[in-house]
1. How far apart, in nanometres, would the label points at A:GLU528 and B:THR29 be if each is projected 7 angstrom from Cα along the Cα-to-Cβ direction?
2. Work out, in µm²/s and without decimals, the Stokes-Einstein translational diffusion coefficient of the range B:3-121 at 37 °C, 0.692 mPa s, Rh from Kirkwood over C-alpha pairs.
3. Of all alpha-carbon pairs in the range A:362-540, indicate the percentage at a distance above 25 angstrom.
4. Leaving out ligands and nucleic acids, note down the accessible area per residue over the range A:297-358 with a 1.4 angstrom probe, in whole Å².
5. Beyond 31 Å between alpha-carbons counts as too far, so tell me which of A:LYS299/A:LYS624; A:LYS11/A:LYS433; A:LYS111/A:LYS466; A:LYS57/B:LYS94; A:LYS368/A:LYS443; A:LYS111/B:LYS106 fall in that bin.
6. How big is the B-A contact in terms of buried accessible area, both chains counted, 1.4 Å probe, rounded to the nearest 100 Å²?
7. Please compute the length gained on full extension between A:ALA334 and A:ASP129, using 0.36 nm multiplied by the number of residues separating them and subtracting their Cα-Cα distance.
8. So what J values fall out for the range A:341-355 if you push phi through Karplus, 6.51 cos²θ - 1.76 cosθ + 1.60 with θ = phi - 60°, rounded to Hz, Gly and Pro as x?
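The values are calculated or read from the model by the stated rules, or taken from the named source; none is laboratory data. Just so you know, these numbers come straight off a predicted model, no measurement behind them. Cβ placement follows ideal geometry from the backbone for every residue including glycine, while neighbour counts extend to all protein chains displayed. Just the protein is used for accessible areas: all its heavy atoms, side chains included, with ligands, DNA and RNA removed. Shrake-Rupley method; radii C 1.70, N 1.55, O 1.52, S 1.80 Å.
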Amino acid sequence: MSDSNSSRAIKDFLAESEEILEQLNLDLVTLGDAIENGGDVDPGLLNTIFRGAHSFKGISGMFGFDDLCELCHHMESLLDSLRLGKVPLSENLIETLFSLLEVLTRLVHGKAESEDFTLDINPFIQRIDALLRGDELSAPPVAEGIDPAILRVLTEYEEHRLNESIKSGKNILRVAVNFSLMSFDVELAALTDHLKQYGEVLSTLPSAGDLPGHIGFQLLFGARSTGEELARILQSEDIKIVCLYPAVEVAAPLNFPAKSHPSRPVEVEIVNKEGEGNEEERAASLRSLSRTVRVDIDKLDNLMNIVGELVLSKSAITAIAVQLKQQESNDLTAELQKATRGLERRLEELQQGVMDVRMVPISQIFDKMVRIIRRASNEQGKRITLDVRGAETELDKLIVEDLSDPLMHIIRNAVDHGIEAPEERVAAGKSEKGTITLWAAQKGNHVVLEIGDDGRGIDANRVRQKAIERGLISPEAELSREDIYNLVFLPGFSTRDEVTDLSGRGVGMDVVKNNIAALSGAIEIDSEFGRGTLMTITLPITLAIIKALIVRVSGRSYAIPINSVLETLMINASAIRTIERREVMELRQKTLPLLRLTEVFALPVEEKQGSARSFVVVTGMAEKRIGILVDELIGQQDVVIKSLGKALSFVRGIAGAADLGNQKTILVLDVGGLMNEALRGELARHV
Amino acid sequence: MQKKILVAEDSPTMRYLIASTIAALGDFTVIEAGNGFEALRILPHEKVDLVITDINMPDINGLELVSFIRQSPNYRTTPLFIISTEGSARDREKGMSLGANAYLVKPFAPEELQSLIRQYLGE
């Protein structure tokens, strides 16, 4: 393989691994739930999990990742014994599978950085071996009385399921059908789904169809129903059902010589009046065979950049069209303006289309969180119910990825410090099981996440004391409840001294806040001591292209992301008042703190001629509001934000730069950062 | 005419690896099937010269595919390899008894597959 081939192969490997691991995670969660609820475990689920580990082993082996391969090999043996019924399903086993999944994920992430990355996998292998040693259940007997020609095509697992069905006294039926080659997958899937309501489809053997353009299938089906009952349920003359085991008598009217040949299969045919399926539907379903494409996020970024540039070119053309029309209005200029408007609409659709591709449901990280909560609560002997809502809410893929770490930290805090041990909860008069809520919802251009727990809450007095001890506030400071909770976001703040395995890895809430701020989001905290804590995260839906309000201050232009602009006002200088050395204004009976960009960016203050009027851009994020004082409002425009690069990342109050299309570059304000600045200013007054 | 090789395998990575291994060998057309059903659909329409199949696939298993192929008049003698992650000796035995010509264990050495292809499809 050439270098470029192998790098593409590695990318494929990483993408597929991630997919497999995510699916395994989901399946394990389902399995865990089934055990917890004491319900029946779907054998198909066990098989899917086995297949996941199996595929993963296959691809790891091809890349010579011995550690991954060996670990998967052991995991596969364990899962194989599990699906073959040789090892009992226990909570300990689920636990082990989750920890295996975690170490596999860590290994894959490591390999993404460097192919030589490895971890000590021996402890995990020993854990699996210990479980396998507990292997006491006997191997299943071989199905007797079943035609060896049928047994020949069964994999070991399918054979096991067949034996299980026989052992549990089910009838083994052969269901034979013919389908058109054009649509067999859909029809077969429909039949299988239908059958699954009555029993287990053990295998699906294809055979050449009786008619040209057709394909036959023989399904091995284990069910409580007899062949006749099943035929009545299926109501199709195209379906032939034969009972293979045990050989049964068929109802008298059909008068088959079943009695004299007890070991011979008996065919039951049922007449039916069902019509043919809809042709159009069949044609459509053909196309749905493989409808998804995996795309490198960089390619999408690139596409987005091109769209961004197009948007800018369009703005330039629009401006020219308007100018032309002002200079000379004729048919041609009118045509040009019409064409430009058409272009504008299509471009908007294109932009929306590319944006849609980047959107992924937030369930991608919620699922990870579910796993973390499950593991952590098991480790600490806590009992937790999860309430997940709005997992289908969509967010930009990049935001979802960067949200993972901060969200994990919050969740760990909730499990570790929030939810109490069962005894403690009962003593406090609460139910033994704690609840963690994980809610997401779209609100306008933002997605709001709420992570709540009904645990012990945050002790405001303790937070205050700690802040005084650490010299973060003065003992005399008068703080509102909100101010006190906001103290936990300050660097170097932690109310717990001991370090646990879960949280307390030296990462504080300040890092969480910074991570969220880097995504142009905001985080708020509310808590009631003894009752629980609620974290609210507000995030923009995407970061790529934004609508911005262009403003001018001291002769310089700035862009303010429109999704954080609530309103704009024109005010007279006399409306600005000073309270405690801070400028504020009255807005609908509320005090609005004001921020002068000239101060933040140390700009020269221009003496304004004429009126003392200026503009206030009221920005809000979550529940916070500030007014930004500017000299002039220029207008709205789509901008593509580009990062300033690492060298300039320390510049406060700036989220990036944007190209305005006329070779002018302007700075985009980091509204979240500016609001923090204002808030810190308020805190500073208390010190 | 270029000889056609059908690869039935549900893992895209594995399909890619098999296809590149074949491509390195020279002039073959590789037809990829992401599952057993796709293979069932392709087989009647394309005159395939060699089939390579996985055992564990989501819809039908590789053994069932092998059995189907051997029953089809056009494919009674077409070379057929099974590539599967080593595991059940029984599955291997069954595959061979159903009429597979070779059984490769993942991770297989590319040379091994190439030599088999040369052996069965060589001039």
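1. Those two pseudo-labels are separated by 7.1 nm.
2. The calculation lands on 236 µm²/s.
3. Roughly 33 percent, once rounded to a whole number.
4. Using a 1.4 Å probe on heavy atoms only, each residue of the range A:297-358 averages 66 Å².
5. Long pairs (Cα-Cα over 31 Å): A:LYS299/A:LYS624; A:LYS11/A:LYS433; A:LYS111/A:LYS466.
6. 3500
7. So the chain would gain 65.9 nm between A:ALA334 and A:ASP129.
8. 5, x, 4, 4, 5, 4, 4, 4, 5, 4, 4, 4, x, 5, 4
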